[in-house]
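Visitor: Submitted below is the structure of interest, expressed as structure tokens.
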Amino acid sequence: MAQGLIEVERKFLPGPGTEERLQELGGTLEHRVTFRDTYYDTPELSLMQADHWLRRREGSGWELKCPGAAGVLGHHTEYKELTAEPTIVAQLCKVLGADGLGAGDVAAVLGPLGLQEVASFVTKRSAWKLVLLGTDEEEPQLRVDLDTADFGYAVGEVEALVHEEAEVPTALEKIHRLSSMLGVPAQETAPAKLIVYLQRFRPQDYQRLLEVNSSKQRPQGTEDPDNCLG
């Protein structure tokens with residue numbers, strides 16, 4: 001993924017006919033893949049409290065999701081995805097108030113920054129792409145990921161990647177249209193896999209996110225669980 005792209009997404013709960021419906025709409029199955037995601041944070045969940053999400057995906061490397069300019073948009077979210085390790089390190093140091101660590105590898109700063117593993121799970125994914133009828137075929141395709149985690153939770157995501165903030169409204173309109181075509185209720189919300197993992201296996205951490213964010217913004221996937229990462 002190109003550095004600094006803006007990800008606009010919506011989570012939903014897939015049904016047994018979701019893949020068939022994607023085929024009917026002209027969707028193309030890109031691949032089926034299985035991978036492990038491992039998330040890192042401080043013991044106090046300082047990154048998550050700041051709406052930053054550090055992940056290492058097996059076979060893909062490190063990624064840090066940071067809130068976009070608009071952040072939460074109703075049932076949608078907007079994030080910038082950082083994948084270049086020096087950029088990730090610089091942002092981590094900024095969020096955590098650390099200086100003088102340089103711009104080395106992410107793994108090298110985990111210890112100095114007090115970051116540790118907080119969640120790790122395996123996901124089976126079917127990845128789809130399609131262009132909505134009536135739109136310019138040269139426009140970026142919408143992506144639909146259908147995930148099933150190894151702890152029994154299934155969630156789907158409609159995603160658009162854009163380069164500029166000015167492109168976000170159009171991306172949202174496309175996400176709305178496709179969600180409707182897939183039969184997703186307008187007000188349906190679905191928590192991200194990580195949030196469900198914390199709720200089930202680290203309830204104290206989940207509760208900490210609820211409490212800390214109650215006076216400012218809601219944590220990813222809690223009171224408004226659709227507003228969360230993938």
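The values are calculated or read from the model by the stated rules, or taken from the named source; none is laboratory data. Just so we're clear, the structure is a prediction, and the values are computed from it rather than from any experiment. For neighbour counting, all protein chains shown are included, and Cβ atoms are generated from backbone atoms with ideal geometry for every residue, glycine included. Quick note on the areas: whole protein, heavy atoms, side chains included, nothing else; ligands and nucleic acids left out. Shrake-Rupley method; radii C 1.70, N 1.55, O 1.52, S 1.80 Å.
Visitor: As an exercise, use a Förster radius of 35 Å and the Cβ-Cβ distance of A84 and Q204 to find the FRET efficiency, rounded to the nearest 0.05. Provide the component values of the computation, followed by the final result.
Guide: On the way: r = 34 Å, r/R0 = 0.96.
Calculated transfer efficiency: 0.55.
Visitor: If you don't mind, another one. Determine, from the Cβ-Cβ distance of Q187 and E164 and an R0 of 45 Å, the FRET efficiency 1/(1 + (r/R0)^6), rounded to the nearest 0.05. Working shown, then result.
Guide: Details: r = 29 Å, r/R0 = 0.64.
With R0 = 45 Å, the Cβ-Cβ based efficiency is 0.95.
Visitor: Once R0 is set to 35 Å, what does the formula 1/(1 + (r/R0)^6) return for the Cβ-Cβ distance between Q23 and L101, expressed as a FRET efficiency to the nearest 0.05?
Guide: 0.15
Visitor: Further question on the same structure: Leaving ligands and nucleic acids out of the surface, order H52, H176, H31 by accessible area at 1.4 Å, largest first. Mind dumping the intermediate values first?
Guide: Working: H52 15, H176 100, H31 75 Å².
Final ranking, largest accessible area leading: H176, H31, H52.
Visitor: Cut-off under 25 Å on the C-alpha distance; same-chain residues fewer than 8 positions from K11 excluded. Which lysines are left, in chain and number order?
Guide: The qualifying lysines are K65, K80, K124, K129, K174, K193, K216.
Visitor: Now for a separate question. Short version: ³J(HN,Hα) in whole Hz for each residue of the stretch 192-206, in order, from phi by Karplus 6.51 cos²θ - 1.76 cosθ + 1.60 (θ = phi - 60°), x for Gly and Pro, what are they?
Guide: Couplings: 6, 4, 4, 5, 5, 4, 4, 4, 7, 10, 9, x, 5, 5, 4 Hz.
Visitor: Please sort 77-85, 39-47, 7-15 by packing, taking for each peptide the average over its residues of neighbouring beta carbons within 10 angstrom, highest first.
Guide: Working: 77-85: 19.7, 39-47: 18.1, 7-15: 21.9.
In decreasing order of mean packing, 77-85, 39-47, 7-15 become 7-15, 77-85, 39-47.
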